[in-house]
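A short worksheet on the structure shown next.
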Amino acid sequence: MAALDGSTVLVISTNYGVEQDEIVVPVDELRKRGASVTVAAKSSDSIQTLVGDKDPGKTLDPDTTFDSVSAGDFDALVVPGGTINADTIRGERAAIDLVTAFVEQGKPVAAICHGPWTLVEAGVLPGRTITSYPSLQTDVQNAGAEWVDREVQVDETNSTIITSRNPDDLPAFVDAIQAALAPATA
């Protein structure tokens with residue numbers, strides 16, 4: 001039996017500009033660990049990933065759209081980065097509503113690199129401590145959170161928010177998601 005058997009994870013992304021490894025690695029790793037992972041995008045069109053915010057990466061087919069999912073159907077939410085993806089997704093009301101719903105329901109939300117922009121937009125950061133890509137530090141602080149420079153930061157103020165800085169932090173990021181979903185196996 002895998003550590004995350006029975007766990008359900010929602011990953012949200014726009015259809016263009018998500019950092020390749022920040023979506024592919026969590027999806028693949030969480031599935032290997034037994035989680036059922038659903039990828040939702042703005043539309044049902046393919047997701048074009050980028051490498052380093054500029055070079056085309058893999059394309060992925062989303063399983064569904066933002067408007068077709070509910071936080072109540074999942075145990076955790078993952079928000080990958082990529083500057084274009086993160087800047088675009090924070091303007092998507094349905095995506096922001098999902099972030100807010102997960103936090104309100106006390107379910108773990110994990111965001112990496114520029115992904116915490118969605119947390120800023122959702123207004124879920126006051127009083128928390130998070131990390132992100134360094135250029136988001138001022139945005140995070142202006143949203144009422146303390147910013148730290150760590151590989152992974154887990155804040156459990158009322159609900160669990162897991163954040164990491166960049167693709168180099170993915171192993172710790174995925175391990176923290178697993179720990180939040182299956183504390184007894186971490």
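Structure data summary
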quantity: Asn158/Ser135 FRET efficiency (R0 30 Å; Cβ-Cβ; nearest 0.05); calculated: 0.65
quantity: Angstrom value of the Kirkwood radius, inverse mean 1/r, which spans all Cα pairs in the stretch 10-91; calculated: 12.5
quantity: Phi to ³J(HN,Hα) by Karplus 6.51 cos²θ - 1.76 cosθ + 1.60 over the stretch 24-31, Hz, x for Gly, Pro; calculated: 5, 5, x, 4, 5, 5, 5, 5
quantity: Relative contact order (percent, whole number), the stretch 81-162, Cα cutoff 8 Å, 6+ residue spacing; calculated: 30
quantity: Solvent exposure of the chain as accessible area per residue, Å², 1.4 Å probe; calculated: 42
quantity: Only Lys, Arg (+1) and Asp, Glu (-1) charged, at Cβ; the stretch 1-159 dipole about Cα centre in debye; calculated: 60
quantity: Among beta bridges that DSSP assigns inside the chain, antiparallel share in %, nearest 5; calculated: 25
quantity: Solvent-accessible area, 1.4 Å probe, carbon plus sulfur percent, for the chain; calculated: 44
quantity: Under 23 Å, Cα to Cα: Lys pairs in the chain, sequence gap 8 or more or different chains; calculated: 5
quantity: Nonlocal amide H pairs with Thr129, under 5 Å, H built at 1.01 Å; calculated: Glu146
quantity: Long-range HN-HN contacts of Leu4 with modeled amide H, under 5 Å; calculated: Gly34, Ala35
quantity: Residue-wise HN-Hα coupling along the stretch 42-56, computed from phi with Karplus coefficients 6.51, -1.76, 1.60 (Hz; x: Gly, Pro); calculated: 4, 10, 7, 5, 4, 9, 8, 7, 10, 10, x, 6, 9, 8, x
quantity: D (Stokes-Einstein, µm²/s), Kirkwood Cα radius, the stretch 57-186, 0.890 mPa s at 25 °C; calculated: 168
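The values are calculated or read from the model by the stated rules, or taken from the named source; none is laboratory data. The structure displayed is predicted, hence computed values, not measured ones. Cβ: placed from backbone, ideal geometry, glycine included. Neighbour counts: every protein chain shown. These accessible areas exclude ligands, DNA and RNA; they are computed on the full protein's heavy atoms, side chains included. Shrake-Rupley method; radii C 1.70, N 1.55, O 1.52, S 1.80 Å.
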